[in-house]
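The values are calculated or read from the model by the stated rules, or taken from the named source; none is laboratory data. Not measured: the values here are computed from a predicted model. Using ideal geometry, Cβ is built from the backbone for each residue, glycine included, and neighbour counts are taken over all protein chains shown.
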Amino acid sequence: MLMGLAVIAAITGTLFTNCAKNSFTAVGEELAGTGADPLLGYAWHINNTGQKVFASDAGTAGVDLNLLQTWTSGLTGNGIKIVISDDGVQDVHPDLKDNFLYGVSRNYHTSGTNNAPPNSADDNHGTAVAGLAAAVGDNGVGSKGVAYKAKLLAYNFLSTGVSQTFTRMAEQLGGGHDVYNMSWGNSQNYLPDPVAAWETALLNGVLNGRSGKGSIYVKSAGNDFLVECKGSTDTYCIGNSNLDPDNSTPYTILVAALNSTGDAASYSSVGANVWISSFGGESGDDSPAMVTTDRTGCTAGYAQTSISGKVEFERGNNGNLNCNYTTTFNGTSSAAPVLTGAIALLLEANPNLNWRDVKYILAKTAVQVRPNSGAISNHPLRNYPGNAAKNVILPAGAVWENAWVTNSAGFKFHNWYGFGRVNVDAAVAMAKNYTSTFTAGLSGTSWVENTTRVAIPDYSATGVSNTVTVTDNLRIEGVRIRLKVDHDRVGDLGVELTSPSGTKSMILNMRNSLLGQVDYDNEVFLSNAFFQERSNGTWTIKVIDGGSTFNGDLVSWGVQIIGTP
Ligand SMILES: [Ca+2]
Ligand SMILES: [Ca+2]
Ligand SMILES: [Ca+2]
């Protein structure tokens, strides 16, 4: 149990923000009350006009949530309850207070029994997250959350001094609220043990939340595109959102981040378990970050008189008189609450949507990101910055990452973007005239395994292939793969799964962040690439050893299909 607690403690250190502090231009006095939100023009994720915000580079006009029609139609998130599971939210913030919901928020500093919202030096992250989802609109101050009349609940699960026990981690998924925003996770350069209580609580939430329609769990994919390699303090590796075992169920919607030009944000974790892309921005210095609420005053939060950096706005200049707002917040920590707000709008448009309907509509209406980007052959660290001795050279002919794939059910998927960029107006239009096809209970097959041990050829693009045959014919919602590998550096291994329909999904990229990891001991990973395909037939695994020093065997592997008959 002690080991378990240590693992969870790692979550605290990994709020998914890449904060860099920076500058702004005049935005006007802060006048509480009604009227236009003075910072809304900087919210490029709401309406991207190519504005620079306070960065040096412009964004790309049109790359945004596509939600203006939805707002014009009167949808605001009214009646929807959003849980901000984070380090706390400043409830009295002038651009949050009218949406804050007392009585059901949780202050874990007092064992969860005190509903007074947390408001301490630890609230920086959660306060910024909350504003992106549901900052108050048309009140004459600040910006506007995506769901600007939704209600906010704050749980300060990640506040310094709060113990992140497995019990609390699972417990906070309960309560039956509408959308839960989790801008946090484990570092993606080691393999913690999965938390059984977490999966149980998620399942309970999707079965019983929202009067049986299922609570919606939104979780950041992570900011570990580049991360310290396991077991190394001086070398960077490429992480993967599948290396966090809390992300291997279909019950969360895992969200990646885009920047204001519509590309994958530089930090955004990638993986076959990503569902969709939202907006997270970059540093706010060279390329725009996000405009959102900041703990009030110039001695608290991210925006403070004393901070350094290029962005004057962050020091209380250019109209940010009381340092109540920031324009340097970013990360998949931002992408998650932006999506959470979008989902609140969807649920308001059609309150009958169940959790699987929401996932389906998001996937069906998403906009393909960089549709012409091809497969990637060279490792991103082929030319390791400043140290040629660390260049990562893959075996000749190898593919490191697949291009967009169109599966046999017609869904387009990419490990970097999931099904693509969230498209609110299209999703709302679909939600309004929608008949659910997800009425049957979700079921899962038992594990179908191949236990024949096979050698993995060393440093060869050919690799080794192996198959299993699934007889159950389900309409797929998610596929889990389980690996047992005997190898002294499993981070060298690329793992690709091919469905009976021929759809390929790169489960693990070669030469990833598990540099110092020995063996896979039945670790489980998730792929969304096969969504809505049929499950019966032959599934093929291909394992390629992309490093030349260590050898090993695929001991056994299997798949589990989650879906409906
Ligand atoms: Ca406002
Ligand atoms: Ca501040
Ligand atoms: Ca090797």
Counting only strands (runs of 3 or more DSSP E) wholly inside segment 450-494, the ones holding at least 3 residues that are buried (at least 16 other Cβ atoms within 10 Å of the Cβ) and in contact with an Asp or Glu (Cβ under 6 Å, 6 or more places away or on another chain) are 475-487
For SER408, are the conditions met, namely being in contact with a Phe, Trp or Tyr (Cβ under 7 Å, 6 or more places away or on another chain) and either of a type in the set (Gly, Ala, Ser) or assigned by TED's automatic domain parsing to the domain that holds GLY502 (or both)?
no
Could you grab me the full set of residues in segment 531-565 that are of a type in the set (Phe, Trp, Tyr) and more than 12 Å from ligand 3 (Cβ to nearest atom)?
PHE531, TRP539, TRP557
Which residues, counting only those in segment 82-99, are under 9 Å from ALA130 (Cβ atoms), at pLDDT below 95 and of a type in the set (A, V, I, L, M, F, W, C)?
VAL89
Of everything in segment 247-294, what is of a type in the set (D, E, K, R), more than 16 Å from ligand 1 (Cβ to nearest atom) and at pLDDT 95 or above? Give them in sequence order.
ASP263, GLU282
Hits in segment 76-95 (condition: buried (at least 24 other Cβ atoms within 10 Å of the Cβ) and among the hydrophobic types (A, V, I, L, M, F, W, C))
ILE80, ILE82, VAL83, ILE84, VAL89
Those residues of segment 177-197 which are more than 17 Å from the chain's Cα centre (by Cα) and of a type in the set (Phe, Trp, Tyr) amount to TYR190
Out of all the residues in segment 281-311, which are away from ligand 2 (no atom under 16 Å from the Cβ) and touching a His at 6+ places or on another chain (Cβ under 6 Å)?
none
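If the requirement is being in the same structural domain as ALA130 (by TED's automatic domain parsing) and touching a Leu at 6+ places or on another chain (Cβ under 6 Å), which of these qualifies: PHE279, PHE313?
Values: PHE313 fails: touching a Leu at 6+ places or on another chain (Cβ under 6 Å).
That would be PHE279, the only listed residue that is in the same structural domain as ALA130 (by TED's automatic domain parsing) and touching a Leu at 6+ places or on another chain (Cβ under 6 Å).
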Would you point out the residue of segment 433-455, among those that are closer than 15 Å to PRO250 by Cβ and hydroxyl-bearing (Ser, Thr, Tyr), that is farthest from the chain's Cα centre (by Cα)?
THR445
Of the residues that make up segment 304-322, is at least one modelled with pLDDT of 95 or more, β-branched (Val, Ile, Thr) and under 20 Å from ASN47 (Cβ atoms)?
no
Only one of (1) more than 16 Å from ligand 2 (Cβ to nearest atom); (2) in a loop (DSSP other than H, G, I, E, B) fails for SER278. Which number is that?
(2)
